[in-house]
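Everything on this sheet refers to the single structure shown next.
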Amino acid sequence: MNLDRRALMAAAAAGGLLAAAPKPLTTRPTAASGSGDAALEAHLQGLAERLLARSPEQATSLGLDTGARSALKGRLSDVSPGAHADDLRFCRGELAALERYPDQGLSSRARLDRDVVAYALRLEIESAPFDYGSTTLSDALGENAGPYVVDQQSGIYGSLAEFLDSKHKVETIPDAEAYLSRLREGARAIGFETERAIADAGKGVAPPDFILANTIGQQTRMLAVRPADSRLVTSLAHRAAEKKLPGDFGARALRIVEREFYPALARQTEALKTLQAKSGHDAGVWRLPDGEAFYRWLLKDGTTTDLSPDVVHRMGLEQNREIQGRMDAILKANGLGQGTVGERMAALGRDPRFVFPDTDAGRAQVLAYINGIIAAVRPRLPRAFNLRLKAPVVAKRVPVEIQDGAGQGYMNFGSMDGSRPSTYYINLKTTLNWPKFTIPDLTFHEAVPGHAWQGAYLTETGRLPLIRVVVSGFNAYVEGWALYAEQLADEIGMYDDDWAGRLGYLQGHLWRAIRLVVDTGLHAKRWTREQAIQWAMDNSGHTRDYCTSEIDRYCSTPGQACGYKVGQTEIVRMREKAKATLGGRYDLRDFDDLVLETGAVPISVLSKVVDDWIASGGRMAL
């Protein structure tokens, strides 16, 4: 799509502010090797191993918990009260070690790898003043950084069952034993989380009442499931039986759930109820110790920029107006001219033509529709990429036991060994949140050419060193790419005969602009939860249920939701600059490949990479 003046102004504003931020850390990588590359590469390989040892779940997610790393398969990350302090010590030591590799003697590719890792380490070190919540390096790079240890989205209670079921392989007896070990570790981790949540409350840090109510509700429903019927038990029992593994692993898992996991979770629920009795309703982190500074760090984590809350807020308002103008034109062209854009989109979302039945049969229809969209876009991908990737992806509904607190849609990347495809989750608590015209846009974001395509470059090509795969969670790049991918889908013709689908796509972009407004509104401008929900409803046309779920998400992980539009705005700014400068030498496929092949980096680093590519006439290759 072509950007009009307002969008270009917003993009230019973001670019100008990034130029005022600290100098980018790197230059455009080239194929040439420096005399010091081998030593740095060996050090970074060792660092990658140390990071995997600190985050065993990531090793499993990547399919790297085998061979010499097989011991990781029975472990979980440290969530004890001392984890953040230990993380800071680790990052300071690793940063000091990296600083012993000066630019002299390093190729630009090696400097890129070093500086991307150094950025991540510095980001974590900057979290030192905030001794509460979830602020480890793993949190910062995993879209999980936030003020609370346990909430409707975060905590072992909501993540362990899905992780063990979908990512922990059970092929052998050692695999099954490792599953049991992780189940015990999970019970222990819940105890640590409870201890930290109580300690944080003593510092004046507790989730607001509505977050606690949702969290307690999810935990209570989980505890109401008979232990024998818990997925924590049935997943291992069924898979061990399928593989005919000797030993009653189901009975052993049941004993752990009955005697360790459920009791630990029940104690956590009771602790949260105690906090709930004293909790307030204020939604923003401004109310917490050093809350304004904490939000600036969270916003930096989410956007990898130094944009201030005020600038992000204004960017959201400006882009909200611009996108609504485009939607208004399409709505009027199709006979929908009365009311605000939000009101007309809400009415369109109730139109029987676009509503799936709110039944299990309707949910099955949604998943079938998604698979059809993925199949339809694949033949058009060569219009946007030279890369030829397989990018297998499976669509599933969000597990019922966590759907009340989960996001509306998200992606789990596939394993590096290709044994597990990427999994695209859509929250189907109610299909009424998903009018038919909204689903293509979400699918292009989560699947192809969005996250699944992005992940496939890492897992299928093997072109990035392990350290760049392990340190790849820069939110503005990851989510900015997926939002840009939504735009690409329009540009390669996926909505040429679908005016309602194009409206859904624009509504998706509008929602990301709304996020800039409500996230900064909640945490910097002291908006109430109700004010944010109403503003989002009025401007987007989404249902109250949808907006409430999303606003509560921004209360739990402040700043993260801002990375989408900031990242996409910057990628589009870079593309427009390349197009204007290169003229006839510009090729969309070359640009898109460049962004993917650079790998996940801070936005300021990506800008420098693209600038150097432009200076080479669009000829330099990674």
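The values are calculated or read from the model by the stated rules, or taken from the named source; none is laboratory data. It should be emphasised that the depicted structure is a prediction, and the values quoted were computed from it without experimental measurement. Positions of Cβ are generated from backbone atoms using ideal geometry, with glycine treated the same way; all protein chains shown enter the neighbour counts.
Tabulated results
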{"read-out": "When residues of segment 495-532 are limited to those that are hydroxyl-bearing (S, T, Y) and buried (at least 24 other Cβ atoms within 10 Å of the Cβ), the one farthest from F294 (Cα to Cα)", "value": "Y505"}
{"read-out": "Flag if P602 is of a type outside the set (A, V, I, L, M, F, W, C), surrounded by 24 or more Cβ atoms within 10 Å (Cβ to Cβ) and touching a Ser or Thr at 6+ places or on another chain (Cβ under 6 Å)", "value": "yes"}
{"read-out": "Which listed residue is more than 30 Å from R226 (Cα to Cα), among the basic types (K, R), touching a residue at least 40 places away in the same chain (Cβ under 8 Å) and surrounded by fewer than 15 Cβ atoms within 10 Å (Cβ to Cβ), from R383, R388", "value": "R383"}
{"read-out": "All positions within segment 544-592 that are part of a helix (DSSP H, G or I) and among the acidic types (D, E)", "value": "D545, E550, D552, E570, E576, D590, D592"}
{"read-out": "Any hit, segment 539-546, residues being surrounded by fewer than 23 Cβ atoms within 10 Å (Cβ to Cβ), in contact with a helix residue (DSSP H, G or I) (Cβ under 8 Å, 6 or more places away or on another chain), at pLDDT below 95 and of a type in the set (D, E)", "value": "yes"}
{"read-out": "Qualifying residue in segment 168-175 (condition: more than 21 Å from S230 (Cβ to Cβ) and assigned to a helix (DSSP H, G or I))", "value": "yes"}
{"read-out": "Segment 194-217: number of residues that are of a type outside the set (S, T, N, Q), in a helix (DSSP H, G or I) and in contact (Cβ under 8 Å) with a residue 40 or more places away in the chain", "value": "14"}
{"read-out": "Breaking point among (1) surrounded by fewer than 21 Cβ atoms within 10 Å (Cβ to Cβ); (2) among the polar types (S, T, N, Q); (3) touching a residue at least 60 places away in the same chain (Cβ under 8 Å), for T220", "value": "(3)"}
{"read-out": "Counted residues, segment 332-347 - those being assigned to a helix (DSSP H, G or I), surrounded by 13 or more Cβ atoms within 10 Å (Cβ to Cβ) and not small (G, A, S)", "value": "4"}
{"read-out": "Subset of segment 57-77 that is farther than 16 Å from V471 by Cβ and crowded, with 18+ Cβ neighbours inside 10 Å - its residue that is nearest to the chain's Cα centre (by Cα)", "value": "T60"}
{"read-out": "Single unsatisfied condition, P382 versus (1) more than 23 Å from R544 (Cβ to Cβ); (2) touching a helix residue (DSSP H, G or I) at 6+ places or on another chain (Cβ under 7 Å)", "value": "(2)"}
{"read-out": "Flag for A240 being surrounded by fewer than 16 Cβ atoms within 10 Å (Cβ to Cβ) and among the small types (G, A, S)", "value": "no"}
{"read-out": "Residues within segment 480-527 that are outside any helix (DSSP H, G or I) and not small (G, A, S), tallied", "value": "9"}
{"read-out": "Selection within segment 89-107 - crowded, with 19+ Cβ neighbours inside 10 Å and more than 16 Å from L44 (Cβ to Cβ)", "value": "none"}
{"read-out": "Selection count, segment 425-466, where residues are surrounded by fewer than 23 Cβ atoms within 10 Å (Cβ to Cβ) and farther than 24 Å from I402 by Cα", "value": "9"}
{"read-out": "Top-ranked residue in segment 137-174 [being buried (at least 22 other Cβ atoms within 10 Å of the Cβ) and of a type in the set (D, E, K, R); ranked as farthest from G93 (Cα to Cα)]", "value": "D151"}
{"read-out": "Hits in segment 86-100 (condition: among the aliphatic types (A, V, I, L, M) and in contact (Cβ under 8 Å) with a residue 12 or more places away in the chain)", "value": "L88, L95, A97, L98"}
{"read-out": "Among the residues listed as S138, S154, the single one being assigned to a helix (DSSP H, G or I), within 17 Å of the chain's Cα centre (by Cα) and of a type in the set (G, A, S)", "value": "S138"}
{"read-out": "Index of the failed condition, D65 passing every other in (1) under 30 Å from D175 (Cα atoms); (2) in a loop (DSSP other than H, G, I, E, B); (3) in contact with a Ser or Thr (Cβ under 6 Å, 6 or more places away or on another chain)", "value": "(3)"}
{"read-out": "Residue match in segment 547-561 (condition: acidic (D, E) and crowded, with 21+ Cβ neighbours inside 10 Å)", "value": "yes"}
